[in-house]
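All remarks here apply to the structure that follows.
The values are calculated or read from the model by the stated rules, or taken from the named source; none is laboratory data. Computed from a predicted model, the values in this text were never measured in an experiment. Cβ placement follows ideal geometry from the backbone for every residue including glycine, while neighbour counts extend to all protein chains displayed.
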Amino acid sequence: MAVVVGVDVGSLCTKTVILDGDGKILSYDIMRSGHYYKGAAKESIENALKSAGLKKGDISYTLGTGYGRGAVAEADAEVTEITCHARGAARLFPEVHTVIDIGGQDSKVIGIGENSRVVNFVMNDKCAAGTGRFLEVMALALSVDISEMGDLFFASKEKVDVSSMCTVFAESEVISLFARGHKKADIAAGIAHAIARRIMGMVGQVGLREKVVMSGGVAKNAGVVRAIEERIETSLLVPYEPQIVGAFGAAIIASERMSTTIG
Amino acid sequence: MSKIAEVTSDPYAYVAGLKERKNKKIIGCFPMHVPEEIVHAADLIPVVIWRGNEPVTWGHAHVPPYDCGITRSFVDDAVRGKLSFMDGFVFHIRQCLQAGEFPFIMERHFKPAYQKVLYLPAIYPGDAVRDFALKELESFKTSLEDFTGEKISDDSLKKSIEIYNKNRSLMERVYEIRRAKPGILKAKEVMQIVWSSMLMPKEDHNELLTELVKGMEEKSVKAQKERIKVIPVGCLCQTLQFDILDLIEDLGMIVPDDDLYIGSRYFANPVNLNGNPLNALADRYLTKTPLCPTKGVWDIHWGDEAIKKMRDNDAKGIISVRVKYCPPHTCYYPDFRSKMAEKGVPEVMIEMEHEIISLEGVKTRLQSFAETIGGV
């Protein structure tokens, strides 16, 4: 059975998606990237193959993407995560024109035109403000598990502003808010709104065109999703597993390249 | 190219050595609009001031961290004594807010033997402005005469203009050959050629260029049809980091032309030598230097000029390179970007900072841009 593989080596997590010849997802894997991207890519591919009951020899094309795309030794080619997120989101939601992707260490807003092609994009890359890593640090400061951050947002009763978006300064600010007696839920909501403000600035640069898809690990945080929706005044389409959209897009491009080669 | 690479790899050592070899005084001209020809005609060596590669240290005491790279780097170099081989400076302070700080800092901490503040008009609505510009150039000429004790004759100024015009035409020829034979030189090498012109005496540079042009004319190169042509635009006053130019090419793109100061903007349009040479220099400054955010021109849009350059070169997109904390470029950029969107021209912006550059982030931006215009 000939299959194609998309591997998205992100700064925090490595994701793999395996597609069959009809573009159907056979399996996927998500694991922490750690410090050895090459090994993470290899392990993630092996995990996904095992889940699908396949072996390495079944792979006809592998495409690497993400921050560590150059480290995927198994890859036949590499494409940026911007192109892959656009392609993956457009396959899942054909009516999409804007993708908001918040990953482990950077965030992007991508404008999509005809044929699922990227027409415009902005990304922040100077620091981890407003990204998955930022949320991890904030969860630590709040002494909660990151998976609880979304629920805390909805339990908020009082508006608290987290003004700083620098991860280090925001952590200090959270401690100060605790000292002033604010509740965890209110601070968690303040953090989500701070991320939304930052994203709004990037959306403004690309131009908001509906429908809007949110991808990346932070899309699993329902509080951040709601805060962004409130800020951009439109609903976000969130895939069932938002973290694998880039790897899915990479697998789609791998599939297209296979078709071109065979054709 | 080896001589050019040698000059640009250590401009401090080169210019210091130049002073000794030629036994002439060195005048540092701050980019981008000082008419170097007048300095040359005074039998001095004009050198365009550059951004160094070292982190700013003592300079932080004199300029804020939110000044651009060349401002901070230049002040840092000056107060650390790294520019002690320079005998004087010329600053055109109307081109940006930060340039206005230099004369005071230099006067107080460097005490140059010669310093001139040029106050060229930023807009050109008519004759009154032309007269003002001319008077400024006359005052510049007089200040140099006072410094050297020698008069600058019209003939010597015309001769200097001729030498500079020859340099412009030779550089234009380098660009013509590159357009005809894309890939004959790496983008980094072309930037080194222009930068070396800013550092070397023009007579010496003309000799090098004559040899280089001959070699380029004779050389054949493999067609680069699979590469995507892009035009870098912006990066006012200072060299674009070579790593960025290398990245552009490593990612499958090719640079057939540019709209950069240390690029085509430096040598664009010769000085018209008919009549009074100072008039001719004023005329070039006012009407013939390429459109730029440091000059107020409202009937032509910089974006339109960049798009024309892109189309003339059959390029597929524009890479804007903006120096962080560059006020003129930052103010103009939203309008530039809107023009790109209005005309449907693919454009990406790369921000460059003196000490910090996240090359991985730049790579992702450039690679995504290449994928976008390449149809991935």
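For this structure, a couple of remarks:
- Flag if B:Lys116 is basic (Lys, Arg), in a strand (DSSP E or B) and under 30 Å from B:Lys22 (Cβ atoms): yes
- Residue, farthest from the chain's Cα centre (by Cα), within the range B:4-22, restricted to residues that are without any contact (Cβ under 8 Å) to a residue 12 or more places away in the chain and farther than 15 Å from B:Asp204 by Cα: B:Glu20
- Filter pass, B:Ile45 being within 14 Å of B:Ile27 (Cβ to Cβ) and surrounded by 24 or more Cβ atoms within 10 Å (Cβ to Cβ): no
- Meets criteria (touching a helix residue (DSSP H, G or I) at 6+ places or on another chain (Cβ under 7 Å), aliphatic (A, V, I, L, M) and within 14 Å of another protein chain (Cβ to nearest Cβ)) for A:Met138: no
- The range B:106-134, residues that are charged (D, E, K, R), at negative phi and surrounded by fewer than 16 Cβ atoms within 10 Å (Cβ to Cβ): B:Glu107, B:Arg108, B:Asp127, B:Asp131
- Single residue of the range A:21-43 satisfying the filter (among the acidic types (Asp, Glu) and surrounded by 16 or more Cβ atoms within 10 Å (Cβ to Cβ)) that is farthest from A:His85 (Cα to Cα): A:Glu43
- The set of residues in the range B:120-159 being within 18 Å of B:His40 (Cβ to Cβ), within 24 Å of the chain's Cα centre (by Cα) and basic (Lys, Arg) consists of B:Lys141, B:Lys158, B:Lys159.
- A:Asp76 passes every criterion in (1) within 24 Å of A:Ser259 (Cα to Cα); (2) touching a Lys or Arg at 6+ places or on another chain (Cβ under 8 Å); (3) in contact (Cβ under 8 Å) with a residue 24 or more places away in the chain; (4) surrounded by 24 or more Cβ atoms within 10 Å (Cβ to Cβ) apart from (4).
- Subset of the range A:44-73 [closer than 23 Å to A:Asp106 by Cβ and either surrounded by fewer than 22 Cβ atoms within 10 Å (Cβ to Cβ) or in contact with a helix residue (DSSP H, G or I) (Cβ under 6 Å, 6 or more places away or on another chain) (or both)]: A:Leu63, A:Thr65, A:Gly66, A:Gly68, A:Gly70, A:Ala71, A:Val72
- Filter result for A:Val17 (touching a residue at least 60 places away in the same chain (Cβ under 8 Å), under 26 Å from A:Leu135 (Cβ atoms) and of a type in the set (A, V, I, L, M, F, W, C)): yes
- Selection status of A:Arg117, surrounded by fewer than 23 Cβ atoms within 10 Å (Cβ to Cβ), over 21 Å from A:Ala196 (Cβ atoms), modelled with pLDDT under 95 and in contact with a Gly (Cβ under 9 Å, 6 or more places away or on another chain): yes
- Every pair of residues 6+ apart whose Cβ atoms lie under 8 Å, when the first sits in the range B:360-376 and is over 14 Å from B:Ser320 (Cα atoms) while the second is part of a helix (DSSP H, G or I) and among the polar types (S, T, N, Q): B:Ser368/A:Thr83; B:Glu371/A:Thr83; B:Thr372/A:Thr83; B:Val376/A:Thr83
- Put simply, of A:Val162, A:Val174, A:Val168 the only residue that is among the β-branched types (Val, Ile, Thr) and either within 14 Å of another protein chain (Cβ to nearest Cβ) or outside any helix (DSSP H, G or I) (or both) is A:Val162.
- Among residues of the range A:147-169, those that are in contact with a Leu (Cβ under 9 Å, 6 or more places away or on another chain), β-branched (Val, Ile, Thr) and closer than 18 Å to A:Gly132 by Cβ, counted: 1
- Filter result for B:Met171 (part of a helix (DSSP H, G or I) and in contact with a strand residue (DSSP E or B) (Cβ under 9 Å, 6 or more places away or on another chain)): no
- The numbered conditions (1) surrounded by fewer than 23 Cβ atoms within 10 Å (Cβ to Cβ); (2) within 22 Å of B:Gly344 (Cα to Cα); (3) out of contact with any strand residue (DSSP E or B) (no Cβ under 6 Å at 6 or more places or on another chain); (4) of a type outside the set (D, E, K, R) are all true for A:Ile112 except (1).
- Some residue of the range A:201-214 being out of contact with any strand residue (DSSP E or B) (no Cβ under 7 Å at 6 or more places or on another chain) and crowded, with 22+ Cβ neighbours inside 10 Å: no
- Residue within the range B:353-370 that is surrounded by fewer than 20 Cβ atoms within 10 Å (Cβ to Cβ), closer than 17 Å to B:Asp259 by Cβ and among the acidic types (Asp, Glu) present: no
- Restricting the range B:253-282 to residues that are in contact (Cβ under 8 Å) with a residue 60 or more places away in the chain and over 29 Å from B:Ala187 (Cα atoms), the residue that is farthest from the chain's Cα centre (by Cα): B:Asn276
- Contact annotation: residue pairs with Cβ atoms under 6 Å, 6 or more positions apart or on different chains, pairing a residue in the range A:99-118 that is within 11 Å of another protein chain (Cβ to nearest Cβ) with a partner that is of a type in the set (Asp, Glu), are A:Asp106/A:Asp125; A:Lys108/A:Asp101.
- Any hit, the range B:327-340, residues being under 19 Å from the mean Cα position of the chain (by Cα) and acidic (Asp, Glu): no
- Filtered by the rule that a residue be touching a Phe, Trp or Tyr at 6+ places or on another chain (Cβ under 9 Å) and not in a strand (DSSP E or B), the range A:1-11 gives A:Ala2, A:Gly10, A:Ser11.
- Residues that are away from chain B (no Cβ under 14 Å), in a loop (DSSP other than H, G, I, E, B) and either closer than 16 Å to A:Gln243 by Cα or within 19 Å of the chain's Cα centre (by Cα) (or both), drawn from the range A:40-94: A:Val72, A:Phe93, A:Pro94
- Test for B:Asp304: is it of a type outside the set (S, T, N, Q), surrounded by 22 or more Cβ atoms within 10 Å (Cβ to Cβ) and either within 23 Å of B:Asn165 (Cβ to Cβ) or out of contact with any Leu (no Cβ under 7 Å at 6 or more places or on another chain) (or both): no
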